[in-house]
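The values are calculated or read from the model by the stated rules, or taken from the named source; none is laboratory data. This structure is a prediction, so every number in the text was calculated from the model and none was measured. Reconstructed Cβ throughout: ideal geometry from the backbone, glycine too, with neighbour counts over all protein chains shown. Only protein heavy atoms, including side chains, enter the accessible area calculation; ligands, DNA and RNA are left aside. Shrake-Rupley method; radii C 1.70, N 1.55, O 1.52, S 1.80 Å.
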Amino acid sequence: AQKVTQAQTEISVVEKEDVTLDCVYETRDTTYYLFWYKQPPSGELVFLIRRNSFDEQNEISGRYSWNFQKSTSSFNFTITASQVVDSAVYFCALRGYSGAGSYQLTFGKGTKLSVIP
Amino acid sequence: NAGVTQTPKFRVLKTGQSMTLLCAQDMNHEYMYWYRQDPGMGLRLIHYSVGEGTTAKGEVPDGYNVSRLKKQNFLLGLESAAPSQTSVYFCASSRRALNTEAFFGQGTRLTVV
């Protein structure tokens, strides 16, 4: 069975502060993918990034960066110089083999980020 | 390109009533999923399908049934709605490949009174 844990339920930061959202996962698979999704107040789910289990290089996209550490089973997400538009619920997800020839997509409980102007 | 479309967007049911939520995708994806989102619980998988004519149980399947008669459609049925099924329901689809992300519908807000 696979599991994703986002221990931070809610985080509040003041605009322009940096913030890191934690994600820890569990899986027995050697090959799997990790994802981050954003859910703004409007409710839709927006894909942000994927990372495969063999690629531990950090990735940066503008103010967003991701740190994948297989040794600690973590895939953390950092927003630099946060903005009010970053206010949303962020979900970490894991896609791995669920048996019977299929893949399952498992989500964490999400972290609600509030950026205060 | 519509992506993933859920019908209806909102619904209020009385306890014991039945209803079907429709999910349609136009991306020719093999996999389709139904999740429910509740406060503090994140997204929990109800059922999923890996192809036309196949379905499988997820984490919280009780009280729901699904069907995938056509590749582009995935139906979620509630035979006898209960207040515990008040939730926001999301449908998603993805390609079979492990590295592909899921695309989500806009959600259906269901209230059971």
Loop-resident sites, segment B:60-113, for trypsin sites (Lys or Arg not before Pro), counting at most 14 other Cβ within 10 Å (DSSP): B:Lys70, B:Arg96
Which whole-number percentage describes the relative contact order of chain A, with Cα contacts under 8 Å and a sequence gap of 6 or more? 38 percent
Relative contact order as a percentage, chain B, C-alpha pairs under 8 Å and 6+ apart, gives 35 percent
Please go through the residue pairs A:Lys3/B:Lys9; A:Lys3/B:Lys57; A:Lys70/B:Lys57; A:Lys3/B:Lys70; B:Lys14/B:Lys71 and name each one whose alpha carbons sit more than 27 Å apart in this structure. A:Lys3/B:Lys9; A:Lys70/B:Lys57; A:Lys3/B:Lys70; B:Lys14/B:Lys71
Sorted by chain and then number, the residues having a modelled amide H within less than 5 Å of the amide H of B:Thr86, at least 5 places away or on another chain, are B:Val112
Which value, in Å², gives the accessible area per residue of segment A:1-92 when a 1.4 Å probe is used on the protein heavy atoms? 52 Å²
Protein accessible area in chain A, 1.4 Å probe - carbon and sulfur %: 49 percent
What is the local net charge at A:Lys38, summed over the other residues whose Cβ is closer than 10 Å to its Cβ (Lys, Arg +1; Asp, Glu -1)? -2
Can you work out ³J(HN,Hα) from phi for every residue in segment B:38-43, in order, using Karplus 6.51 cos²θ - 1.76 cosθ + 1.60 and θ = phi - 60°, giving whole Hz and x for Gly and Pro? 10, x, x, 10, x, 9
Which one, B:Thr20, B:Thr86, B:Thr100, has the greatest fluctuation when you compute a Gaussian network model over chain B with C-alpha springs under 10 angstrom? B:Thr100
Between chains B and A, what is the buried accessible area in Å², counting both sides, with a 1.4 Å probe and ligands, DNA and RNA left out, to the nearest 100? 1900 Å²
Residue among A:Asn67, A:Asn58, A:Asn76 with the largest mean-square fluctuation in a Gaussian network model of chain A, springs linking Cα atoms under 10 Å: A:Asn58
For A:Lys16, list the aspartates and glutamates whose Cα falls under 14 Å from its own Cα; do not include residues on the same chain fewer than 8 positions away. A:Asp86
Built amide H within the under 5 Å cut-off of A:Gln8, gap 5+: A:Asp22
To the nearest 20 debye, what charge dipole does the protein assembly as shown have about its Cα centre, counting +1 at the Cβ of each Lys and Arg and -1 at the Cβ of each Asp and Glu? 580 debye
